[in-house]
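*Asks:* My questions will all concern the structure given below.
The values are calculated or read from the model by the stated rules, or taken from the named source; none is laboratory data. Note that the structure is a prediction, hence the values are computed from the model and not measured. Positions of Cβ are backbone-derived with ideal geometry, glycine not excepted, and every protein chain shown enters the neighbour counts.
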Amino acid sequence: MYAVIETGGKQYRVAPGQTIEVDTIAGDIGADVEFDRVLAFSNDSNELVLGDALSSARVRGKIAAHGRGDKVIVFKFKRKKQYKRTIGHRQNYTRVQVQEIVAQ
């Protein structure tokens, strides 16, 4: 059993018991979170459910941690112009423990 959800402009394939890292979600560690934007759902008999049949589908989880990703170095330059800029970026994320997929 798995579902495809959308959060933060990205899509994730999730299954119960799985831990995923998504863009920052407001909430404390241990708080419940519910994703109502379910794009696809596969039930126990491997049938893929899409479209209007998913209007009541939900994915429930629990916030496990908040953190920041690895630093990504961005280096800009223009040749022959003595222009160089180096900046770094660390993306914030929330680690979510998926508990159940509810589809009625």
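*Asks:* Is it true that residue 64 is among the small types (Gly, Ala, Ser), touching a helix residue (DSSP H, G or I) at 6+ places or on another chain (Cβ under 9 Å), part of a strand (DSSP E or B) and on the phi < 0 side of the Ramachandran plot?
*Replies:* On the way: among the small types (Gly, Ala, Ser): yes; touching a helix residue (DSSP H, G or I) at 6+ places or on another chain (Cβ under 9 Å): no; part of a strand (DSSP E or B): yes; on the phi < 0 side of the Ramachandran plot: yes.
In short, no.
*Asks:* In the range 39-60, how many residues are of a type outside the set (S, T, N, Q), surrounded by 11 or more Cβ atoms within 10 Å (Cβ to Cβ) and either in contact (Cβ under 8 Å) with a residue 24 or more places away in the chain or closer than 11 Å to residue 1 by Cα (or both)?
*Replies:* Counting residues in the range 39-60 that are of a type outside the set (S, T, N, Q), surrounded by 11 or more Cβ atoms within 10 Å (Cβ to Cβ) and either in contact (Cβ under 8 Å) with a residue 24 or more places away in the chain or closer than 11 Å to residue 1 by Cα (or both) gives 9.
*Asks:* Here is a further query. Considering only residues that are in a loop (DSSP other than H, G, I, E, B) and among the charged types (D, E, K, R), look in the range 1-54 and name the one that is modelled with the highest pLDDT.
*Replies:* Quick first cut of the range 1-54, residues in a loop (DSSP other than H, G, I, E, B) only: 1, 8-9, 15-18, 24-31, 36-37, 43-47.
From what is left, the residues that are among the charged types (D, E, K, R) are 28, 36-37, 44, 47.
Numbers: 28: 96, 36: 90, 37: 92, 44: 79, 47: 86.
The extreme case among them is 28.
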